[in-house]
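**Q** The structure's right below; bear with me while I get my questions together.
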Amino acid sequence: MNKTLFLKGKAKLYPLFIIFITSFLCTKAIAKESFSFIEERLITGIVLDASTKEPLEGATISLKKGSTNTISDKAGKFSISVLAEDGILVISHVAYATQEVIITSTTSNIEVLLEPASSEMGEVVVVGYGTQKQKDVTGAVTTLKSSEFNKGIINSPQQLLQGKVSGVNVTSATGEPGGALKITIRGPGSVRSGSSPLFVIDGLPLDNASTGGGDPLNAINPDDIESFDVLKDASATAIYGSRGANGVVIITTKKGKAGTSILTLNAGLGVSKLANKIPVFTADEFRREVPRAGGTLDDKGGNTDWQDLVTRTALTQNYNLTLSGGSKQLVYYASFGAQRQEGIIQNNSLDRYTGRFNATQKLLDDRLVVEANLSFANTKNVRPPITSIIGEALGNNPTYPAYDENGNPAVYQNVLNNPLIYFDLDKEVGTINRVIASISPSLTIIKGLVYKLNFGVDNSNGVRDVQALGSTSPPRDGRYENYQTHNRNTLIENYLTYSRTISSHTFSALAGYSYQKFFIQEKNFSINKIPIGGVEPIYNPGVGTELTLANNRPGGKATINEQQSLFGRVTYQYDSRYLATVNFRADGSTKFGENNKYGYFPSFSLGWRISEEAFLKNSSIVNSLKLRAGWGRTGNQEIEPKITQALFISTSGSYPLYSSGPYPVSYSYARFANPDLQWEVSEQTDLGLDFGFLNGDLSGTIDYFNKKSTNILLQVTPADPVQPALYVWTNEKDMIISNKGIELDLNYRKRINEHLGFGIGGNISFIKNVVKNSPYTIIPSGSAQGSGLTSATINGYINGQPIGTFFLPQFIGIGADSLNNYLDADGNGSFSNDKDRVVLGTGLPSRLYSFYGNFNFKGLDLAVNFNGVSGNKIYDNTANSIFYKAKIAKNTNTTAEATKYPNESNSNTAPVSSRFLKNGSYLRLNNVSLGYNLKTQSMSFLKWASSVRVSVTGQNLFVFTDYDGYDPEVNIDRNIESAVSYGIDYLSYPKARSVIFGLNVSF
Amino acid sequence: MKTIYIYILFTGIIIISGCTKLNEEILDESSVTGLTDKQLAEGTLAPVYTALPTIFQHTNYFALQEISTDEAILPYRGGTDWGDNGIYLSLHKHETTSGDPNVRNTWNNIVIGLSRSITAITTLATNTDPNAKTFLAEARGMRAYYSMLTLDLFGLIFIKEDPRDISKVVRGLRL
């Protein structure tokens, strides 16, 4: 103690500090000792839900003073040791209001009834690098729990979300199992592909690059997903900086819960059939229509329905086993899943085998929490050549018998082949193995200050074999191709979070650093001329006999892309009424040019909980009312790699410069350097109101958003055409893509009595998308496909029009010359294919809506989900290429659309025009699920199970639409030079209608 | 005491995880370096000529000149012919539109040849290979040839001395 006299300034504090620490430690020791001198006793009790009187498992019971706590078990029972003197027990549970019970010296057994909290109170929302309580969130964030997911045969997580979140448009490209899904949040903001949101799974941001076929998220078992948190506005997504422009979907997988041990078994069997056939002529109708169209009938006497022959009733099996549980120190979750799905087109299947394990371990008195996640997935996709089969099934002559006298598929010397031939000769097999793993320890340094470190790896390897066997009839050589894809994504990030509450002020701060590296590699090789009847080249490519550089040049590409960022967030809440959040991120990427290496992305948002104000606090009508407003700037860094660097390489072709000797090697610039290239910028303003009335029974949100995307990256023809390369990448300075809209969510739930309850709700989004200030009159997109349609374009990006606009000649009927008549739009007296095109609608819907209902009575539950879009059109490229009069006159089958005009000449052409542009709005009964929970206690052999549920689910039972193709939810990729196409249907895989029987057992 | 070691471990990890300069590493393309003057001279002149065969393909220059003057016809008789969205019929009727792919391909190949000849002229001017002077003359001749093609087909000439400049457009007389 004498030493203090000799220390100067701040040094005086050191001994005080030491004394403080030691006394603190000593008091703890003393407290522990004194604890053992006073009598302990056991208090037991049961925790129940106040309204249903059901036992609540997993409630935390703790002493208000002290660290003792315990968890209630499956039957809601608990027992806790307390001091003999009086104290207070705190009982809390997620989604219920916390209760405090005073224990006296005579209390020994208590019954606790917990009231469900209004939906805003207890719920926790994942907001990127942390969580926030629902009531404190100031951005537009929607959480979707697993009980609200779409049911049925699910290939990838986006299908679970479809229609469930306002502002989110999920469209499948075709009905193929495992096919790519396009998801846009609040409208597309880019001309190129790269309008997909960022997916983050358990803290690891994923790359959206293809993993070798199908949708990359096919590798995630939908049964493992606990919830989605969709960050829609920039004030929430700015924490992800240059990847937040298109919104962020955070996926949280299921985790174990302390105090419980659960084993669940799920089994499902689904039966699928073709939902909707295209009405091509039957054999008899064909016999009548061909002569009527002026053709000579080619009748082989058969009666074949080709669509029936190439499709089948498909069976799908799905099995899932999960084990989870844990104690206060360790919780774990493990799951194994297998899904074997058949497609409704023959020889098409998708198998998915997944495994997942995650654990959270607490150490050092709960100061160190380590979370580990490990998942693997193996998907195998077998498919025949889909577009050839569909094209030929639709167009083939129905009077041709499908099989010859020997029972083999008949071979015709014709323009169209017998589609059944493909099933024997052609197949494509794609196998993808993917491992996603992460480990994140977080350490509480001092109370309120947490340091978290996150390591993650996502590794995927895919191999795709495309085999076309040789044959004599039809005569063909055969070819084998092999594609390998390798993707690796590694993440290292660390951040500090500090939170503190001082009287009615609560604030928290976050600061972090993140580094992520993406490596993508593809390789391929091929060989021609496969001998007939021998070994399949999938097993031994060496059986092929022709290998030339012209036809079989091996190929490959590889890119490394690194990203480095600093990010931070500050949140502040005053008296639970006034809320503020500020997010900031600085992102640098190797893809950006030297002059624009780092981008800065700030955002801020404010919230006002009006329902906590004195005038509304005790209102019985208004339970919660929150007004929020936010602005932020985010970026889209889905730009091409390498485009900022110059490239001087040897080019193909040469010329003799000397009278003899070899031709020299040619060198030229393929690309000049462009150090100014950068990410696309998106600025968004959001204004929202969250409300809850009638005790939380009626709740919803309204949002208005205004999103402007600028610095649009385009690959364009340079103004000066004399350049070494035809196209130049540039960020258009003036061009703006604007998305404005309103989203409305409304939910009503009511529990009538302990046996009966129901809930209904829905959402609707209005989105207006406009392209402004484009320096180009038109950026064409959507190249048409089919004979006679090469190079015709369907879509166009035009000033003052939305993305996905159809820019076509307008068909006004058949003229006196029996040929097509088009509108002379510029009134100059004659029609010209480019000058007289007209804007005729867009492939983007302006309204997305959905509604659901759920109903439960005793053990029975029913859930119904509808979703729909309107305001969009579809270009039927299938009809354009095969359903017109000249085709039926030549004995190719069509629908009645082709013979619609009796005075049409049968040599009339069918160029691209509004004649094939159709209304694309639809309303679909997405899924209906009826389930029954068996009373296991009364059934002797099942009494070990805590719950048994049987269910039947119908998926895509019907769809209301005017569109006469297979399905109005279609979007084939017909991009032109990176400009994305919208709303085009060309020989798309038809959608299935399925019924699935399910059994869930929990122990 | 144990916690201090953990703090040290974590701080260590922050430093190791590393900051990088974010220079893009390109794996599957590489710019050619270290060419000798002879290779560079030959290598810049040869590509000037390689566009020629594509320009004179039957769907490019040949179609534009022959079908528009009715020396050749490409009719459409319904269904299986070269309908191609009516581009050959338009050529015959002199109603060719801006989306015509044959016009575009002919144009693209001519201007690429023109661009490469300008690059060759500037590169060969400082090249020390003994054939450089002859090659320079050839490059100038090819530039003139391509300009003749643009003048004949489209009525335009691009005047450009350095590849980095913006071309000056000169229009031919309309007769």
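Readers should treat all values here as calculations from the given coordinates under stated rules, not as data from a laboratory. This one's a predicted model, so the numbers in the text were calculated from it and none came from an experiment. Heads up, the Cβs are rebuilt from the backbone with ideal geometry, glycines too, and the neighbour counts pull from every protein chain shown.
**Q** If each residue's Cβ is checked for other Cβ atoms within 10 Å, how do A:755, B:94, A:93 rank with the fewest at the top?
**A** Exposure proxy ranking, most exposed first: B:94, A:755, A:93.
**Q** A follow-up question, please. Points 7 angstrom from Cα along the Cβ direction at residue A:659 and residue B:29: gap in nanometres?
**A** Computed distance between label sites residue A:659 and residue B:29 equals 4.1 nm.
**Q** Can you give the charge dipole size of the protein assembly as shown about its Cα centre, rounded to the nearest 20 debye, using +1 on the beta carbon of Lys and Arg and -1 on the beta carbon of Asp and Glu?
**A** 3040
**Q** Then there is this: How far apart, in nm, are the 7 Å Cα→Cβ label points at residue A:551 and residue B:68?
**A** The two pseudo-label positions are separated by 3.7 nm.
**Q** Right, something else. For the stretch A:696-813, with equal point scatterers placed on the C-alpha atoms only and solvent neglected, what are the log10 I(q)/I(0) values from the Debye formula at q = 0.12, 0.13 1/Å, to two decimals?
**A** -0.68, -0.74
**Q** Below 13 Å, Cα to Cα, which aspartates and glutamates can residue A:255 reach? Residues fewer than 8 away in the same chain don't count.
**A** Output for residue A:255: A:202, A:223, A:224, A:226, A:371.
**Q** Which FRET efficiency, nearest 0.05, do residue A:558 and residue A:934 yield, Cβ-Cβ r, R0 41 Å?
**A** 0.15
**Q** Residue by residue through A:643-649, how many Cβ atoms from other chains fall within 10 Å of the Cβ on average?
**A** 3
**Q** Under a point-charge model restricted to the Cβ atoms of Lys and Arg (+1) and Asp and Glu (-1), what is the dipole moment magnitude of the stretch B:35-171 relative to its Cα centre, in debye to the nearest 20?
**A** 360
**Q** Hey, another quick one. What does the average come to when, for each residue of peptide B:45-53, you count the partner chain Cβ atoms lying within 10 Å of its Cβ? Show your work: numbers first, answer last.
**A** On the way: counts 5, 13, 13, 3, 6, 8, 1, 2, 2.
Shielding by partners across B:45-53 averages 6.
**Q** Take the Cα of residue A:772, step 7 Å along the line toward its Cβ, and report every residue of the stretch A:663-696 whose backbone nitrogen sits under 16 Å from that point.
**A** Correct set: A:681-686.
**Q** What per residue convex hull volume, in Å³, comes out for the protein assembly as shown when only alpha-carbon positions are used?
**A** 236
**Q** When a footprinting reagent is the concern and you count Cβ atoms within 10 Å, what order do A:772, A:991, A:642, A:151 take, fewest first?
**A** Final ranking by Cβ density, sparse to dense: A:772, A:642, A:151, A:991.
**Q** Multiply the residue separation of residue A:53 and residue A:900 by 0.36 nm, subtract the distance between their alpha-carbon atoms, and state the gained length in nm to one decimal.
**A** Using 0.36 nm per residue and subtracting the Cα-Cα distance, I get 298.3 nm.
**Q** Another question, then. Compute the label zone of residue A:285 within the stretch A:371-399: residues whose backbone N is under 15 Å from the point 7 Å along Cα-to-Cβ.
**A** Those under the cut-off are A:394-399.
**Q** Give the average, rounded to an integer, of partner chain Cβ atoms located within 10 angstrom of each Cβ in B:93-101.
**A** 4
**Q** Please name whichever of A:316, A:731, A:953 sits farthest to the positive end of the charge dipole of chain A, dipole taken about the Cα centre and charges placed at Cβ: Lys and Arg +1, Asp and Glu -1.
**A** Result: A:731.
**Q** Now for a different question. Could you work out, for the stretch A:415-539, what percent of all Cα-Cα pairs fall into each 5 Å distance bin, beginning at 0 Å and stopping at the bin that holds the largest distance?
**A** With 5 Å bins starting at 0, P(r) equals 2, 8, 13, 11, 9, 8, 7, 7, 6, 6, 5, 5, 4, 4, 3, 1, 0, 0.
**Q** Using a Förster radius of 60 Å, what is the FRET efficiency between residue A:627 and residue A:819 based on their Cβ-Cβ separation? Nearest 0.05, please.
**A** The calculated FRET efficiency here is 0.45.
**Q** Among A:975, A:850, A:688, which residue has its Cα positioned farthest towards the positive end of the charge dipole of the protein assembly as shown, with +1 placed on the Cβ of Lys and Arg, -1 on the Cβ of Asp and Glu, and the dipole taken about the Cα centre?
**A** About the Cα centre, the residue reaching furthest to the positive side is A:688.
**Q** If the cut-off is 18 Å between C-alpha atoms, which lysines fall inside it for residue B:160, apart from same-chain ones fewer than 8 positions away?
**A** Within the straight-line limit of under 18 Å, residue B:160 reaches these lysines: B:168.
**Q** Taking the beta-carbon count within 10 Å as an exposure proxy, list A:305, B:70 from fewest neighbours to most.
**A** Details: A:305 15, B:70 9.
Sorted ascending by nearby Cβ count, the order is B:70, A:305.
**Q** Rounding to the nearest 20 debye, state how big the charge dipole of the stretch A:282-433 is about its Cα centre with +1 on each Lys and Arg Cβ and -1 on each Asp and Glu Cβ.
**A** 860
**Q** Along the positive direction of the dipole of the stretch B:35-171 (beta-carbon charges: Lys, Arg +1; Asp, Glu -1; about the Cα centre), which of B:149, B:48, B:130 reaches farthest?
**A** Of the options given, the answer is B:130.
**Q** 222 nm [θ] for the protein assembly as shown, helices only, -39500 (n - 2.57) per DSSP H run of 4+, per residue, to 500? Numbers along the way, then the final one.
**A** Details: 19 runs with 184 residues, N = 1178.
Here the helix-only value at 222 nm equals -4500 deg cm²/dmol.
**Q** Among the listed pairs A:257/A:708; A:642/A:740; A:273/A:935; A:182/A:772; A:626/A:918, which have their C-alpha atoms separated by more than 31 angstrom in this model?
**A** In this structure, A:257/A:708; A:642/A:740; A:273/A:935; A:626/A:918 lie more than 31 Å apart at Cα.
**Q** Among the lysines, select those whose C-alpha is under 20 Å from the C-alpha of residue A:300, and discard any that sit fewer than 8 residues away in the same chain.
**A** A:887, A:890
**Q** Rounded to the nearest 0.05, what FRET efficiency do residue B:168 and residue A:574 give with R0 = 60 Å and r taken as the Cβ-Cβ distance? Could you check? Intermediate results must be reported in sequence, preceding the final value.
**A** Working: r = 66 Å, r/R0 = 1.10.
Calculated value: 0.35.
**Q** Right, here's the next one. Determine the relative contact order of chain A: mean sequence separation of Cα pairs under 8 Å and six or more apart, normalised by residue count, in whole percent.
**A** 11
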